[in-house]
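Read the structure below first, then the notes.
The values are calculated or read from the model by the stated rules, or taken from the named source; none is laboratory data. Keep in mind the model is a prediction, meaning the values are calculated, not measured. Cβ sites come from the backbone with ideal geometry, for glycine too, and all protein chains shown count toward neighbours.
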Amino acid sequence: MSQMMNGVVPSWGTPEKRLGQNCIVQPLLTDFYQITMAYAYWKAGKTQAHAVFDLFFRKNPFQGEFTIFAGLEECVKFLTKFSYSKSDIDYIRQILPPSIEEEFYDFLGKLDARGVSLYAVKEGTVVFPRVPLIRVEGPLIVVQLLETTLLNLVNYASLIATNASRFRMAAGKLKLFEFGLRRAQGPDGALSASRYSYIGGFDGTSNVLAGKLFNIPVKGTHAHSYVTSFNNLDELTVRILAPKSGGAAVDFVNLAVKWREKLVPIFNVMLSEASDGELAAFISFAIAFPNGFLALVDTYDVKKSGLLNFCAVALALHDLGYAPVGIRLDSGDLAYLSIVARNFFTQISEKYNISSFAKLMIMASNDINEETILSINEQGHAIDSFGIGTHLVTCQKQPALGCVYKMVEINGQARIKLSHDVAKVTIPGKKEVYRLYGENGHALIDLLQISSEDPPQVGKKVLCRHPFQESKRAFVIPSKVEKLLQLYWQDGTIYQPLPNMQEIKEKVISSLKIVRSDIRRTLNPTPYKVSVSDDLYHYLHNLWLENAPIGELS
Ligand SMILES: Nc1ncnc2c1ncn2[C@@H]1O[C@H](COP(=O)(O)OP(=O)(O)OP(=O)(O)O)[C@@H](O)[C@H]1O
Ligand SMILES: O=P(O)(O)OC[C@H]1O[C@H](OP(=O)(O)OP(=O)(O)O)[C@H](O)[C@@H]1O
Ligand SMILES: O=C(O)c1cccnc1
Ligand SMILES: [Mg+2]
């Protein structure tokens, strides 16, 4: 059975949608320390301070070497409605100490994001460690207050989109359906999982609310409980079905039973081994959905019962002019059973001259992860689609992406965050990011520059340096230069149209194509290079020396 929602609804269209997932994305969806810092900044007279923050991550997830950036639309929408309501202020008053000056609450009540500018990489782009995905500029207090919410909106979205894109790469052209609602991290996790796995390459979801809110195709089969709820054929109260082209209804139960008897020699089983309850369940489901009959065949025994019962009902439907859809396997050796099923379908197709029978859909589910798909591919199989829940939505292999939000400039002065771990030292200053392409269309390197530097030019040699290892540098002559950070929000308006879900989905596909296959592969992928310009290299290291205290040995 399958349902597809039609009509193009922008993913942020109607007021109804605004009340959906996003009603919980509001200024109080933050860490308390942002609000205490806001007071301390205010008290310290920093209301006019102007800051620049970068949002970036340091390590790709899933032992991979790439990440898909997602969540931008939600970030921009958050800015459009960033302001504290009266009840928000009343609540903040309750949680802050009584010593807080009353004027601070007046100040908070008037805050909004009109003074903020937000630059970002396009949603759906393949991104790499240390590259600023979002640059936020504006009044210190406001841009600080945005930190937690922006990170929350980007981290899981990007993690899921990346996970989904990895499943997509493993599955090739096979269909992928997200079945994770029951296993997801709460209702919001589930909705985000459905939305961003669709962006990352899935074809549909079982999550009905996600379908309604985001216009994602909704798909579904049935559960084992539907099968176990039937004991025998006598229970069936509705027993007839009219042919698809109209006319008198026929005894559909009888038709299916006759087919089952005829099929017994093909399946080489004893009729007594096949479950009558399962046959009754399949018959009733086919009567309910004659045009979308897809049956779960592993409740009792795939070979001895499920496939035989399915084929009997599918052939009865075919007699009446309906096209059955296929089966779902949810246990056992999925590669092997899919081949067994396909062989039966092919035999029946040949014996009864029904070509469509050989192409019945075989869906597999049951705790599937990226490795299962890769292994099943190696073994050989006849699966057409996968239903994937737990491993996709919980990102079991790596449950969080570590995006951080770091101050890089205050009042025009660059800021650096030092660390004993060199990889954690921030790259200071307001920066631009350029993606430099080689002749074959593949991305060669990302280059971070101080924003006042001239952009690199096509055909002109540019020195790209490793940010921390002096000896690692390379000259690049780019065939194409792409400026990654674009302005999305300024002066209280959305500066350029936000792409819809379909466009973001396409961006993921086109963006992955520009990444070399050795960077994309699962096993020991090659790291992509992210570099700094020579000027930024010196700027960074001078500031590092200025800020690093000189120790004394004793
Ligand atoms: N051909 C295959 N190659 C690799 N992994 C497979 C293959 N077929 C199934 N799997 C995976 O093996 C695991 C089998 O799960 P498990 O051991 O719980 O058995 P099961 O089939 O679910 O049994 P049951 O439902 O009867 O308890 C699942 O994670 C499934 O995705
Ligand atoms: O395995 P996942 O990737 O999470 O995919 C979703 C699972 O959810 C359903 O059953 P459920 O696990 O609830 O019950 P069952 O496996 O015992 O049938 C379905 O049959 C899948 O097995
Ligand atoms: O429709 C299905 O088959 C389905 C939906 C959710 C979870 N497991 C299976
Ligand atoms: Mg299961």
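One table, with the values for the structure above:
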{"read-out": "Any hit, region 525-546, residues being in contact with a helix residue (DSSP H, G or I) (Cβ under 6 Å, 6 or more places away or on another chain) and either among the hydroxyl-bearing types (Ser, Thr, Tyr) or more than 22 Å from Ala161 (Cα to Cα) (or both)", "value": "yes"}
{"read-out": "Members of region 318-334 that are over 21 Å from Ser225 (Cα atoms) and either within 16 Å of ligand 1 (Cβ to nearest atom) or among the aromatic types (Phe, Trp, Tyr) (or both)", "value": "Tyr322, Asp333"}
{"read-out": "Only one of Cys311, Cys403 that is more than 21 Å from the chain's Cα centre (by Cα) and either in the same structural domain as Arg260 (by TED's automatic domain parsing) or more than 16 Å from ligand 4 (Cβ to nearest atom) (or both)", "value": "Cys311"}
{"read-out": "Output for region 338-377, where each listed residue is within 15 Å of ligand 2 (Cβ to nearest atom) and either of a type in the set (A, V, I, L, M, F, W, C) or at positive phi (or both)", "value": "Ile362, Met363, Ala364, Asn366, Asp367, Ile368, Ile373, Ile376"}
{"read-out": "Subset of region 481-494 (residues that are surrounded by fewer than 15 Cβ atoms within 10 Å (Cβ to Cβ) and closer than 26 Å to Gly441 by Cβ)", "value": "Lys483, Gln486"}
{"read-out": "Residues being buried (at least 22 other Cβ atoms within 10 Å of the Cβ) and without any contact (Cβ under 8 Å) to a residue 12 or more places away in the chain - total across region 168-216", "value": "0"}
{"read-out": "Condition check for Ala248: of a type in the set (Gly, Ala, Ser), free of Cβ contacts under 8 Å to residues at least 12 places away in the same chain, surrounded by fewer than 17 Cβ atoms within 10 Å (Cβ to Cβ) and over 30 Å from Thr125 (Cα atoms)", "value": "yes"}
{"read-out": "Selection count, region 201-226, where residues are within 21 Å of Gln185 (Cα to Cα) and assigned to a helix (DSSP H, G or I)", "value": "7"}
{"read-out": "All positions within region 504-533 that are surrounded by fewer than 15 Cβ atoms within 10 Å (Cβ to Cβ) and at negative phi", "value": "Glu506, Ile509, Ser510, Lys513, Ser517, Asp518, Arg521, Thr522, Leu523, Thr526, Pro527"}
{"read-out": "Qualifying residue in region 391-403 (condition: farther than 20 Å from Gly172 by Cβ, more than 16 Å from ligand 1 (Cβ to nearest atom), in contact with a Pro (Cβ under 6 Å, 6 or more places away or on another chain) and not in a loop (DSSP other than H, G, I, E, B))", "value": "no"}
{"read-out": "All positions within region 43-62 that are touching a Ser or Thr at 6+ places or on another chain (Cβ under 8 Å) and either small (Gly, Ala, Ser) or surrounded by fewer than 24 Cβ atoms within 10 Å (Cβ to Cβ) (or both)", "value": "Phe57, Asn60, Pro61, Phe62"}
{"read-out": "Sole exception among (1) of a type outside the set (Val, Ile, Thr); (2) within 16 Å of ligand 3 (Cβ to nearest atom); (3) touching a Lys or Arg at 6+ places or on another chain (Cβ under 9 Å) for Ala312, by number", "value": "(2)"}
{"read-out": "Failed item, numbered, when Ala288 is tested on (1) closer than 21 Å to Ser229 by Cα; (2) touching a residue at least 12 places away in the same chain (Cβ under 8 Å); (3) among the aliphatic types (A, V, I, L, M)", "value": "(2)"}
{"read-out": "Verdict on Asp298 being within 16 Å of Thr221 (Cα to Cα) and either more than 16 Å from ligand 3 (Cβ to nearest atom) or acidic (Asp, Glu) (or both)", "value": "yes"}
{"read-out": "So Ser356, is it polar (S, T, N, Q), touching a helix residue (DSSP H, G or I) at 6+ places or on another chain (Cβ under 8 Å) and either assigned to a helix (DSSP H, G or I) or modelled with pLDDT under 95 (or both)", "value": "yes"}
{"read-out": "Top-ranked residue in region 327-337 [being closer than 18 Å to Phe293 by Cα and outside any loop (DSSP other than H, G, I, E, B); ranked as nearest to ligand 2 (Cβ to nearest atom)]", "value": "Arg328"}
{"read-out": "Out of Pro290, Pro324, sole residue that is touching a strand residue (DSSP E or B) at 6+ places or on another chain (Cβ under 7 Å) and in a loop (DSSP other than H, G, I, E, B)", "value": "Pro290"}
{"read-out": "Scan of region 423-473 for residues that are of a type in the set (Gly, Ala, Ser) and surrounded by fewer than 21 Cβ atoms within 10 Å (Cβ to Cβ), ordered by number", "value": "Ala423, Gly438, Gly441, Ser451, Ser452, Gly459, Ser471"}
{"read-out": "Residues being of a type in the set (Val, Ile, Thr), part of a loop (DSSP other than H, G, I, E, B) and in contact with a Gly (Cβ under 9 Å, 6 or more places away or on another chain) - total across region 437-468", "value": "0"}
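Let's see how each residue does on (1) within 16 Å of ligand 4 (Cβ to nearest atom); (2) over 20 Å from Asn309 (Cβ atoms):
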{"position": "Gly321", "(1), (2)": "no, yes"}
{"position": "Tyr336", "(1), (2)": "no, no"}
{"position": "Ile348", "(1), (2)": "no, no"}
{"position": "Phe357", "(1), (2)": "no, no"}
{"position": "Ala364", "(1), (2)": "yes, no"}
{"position": "Gln379", "(1), (2)": "no, yes"}
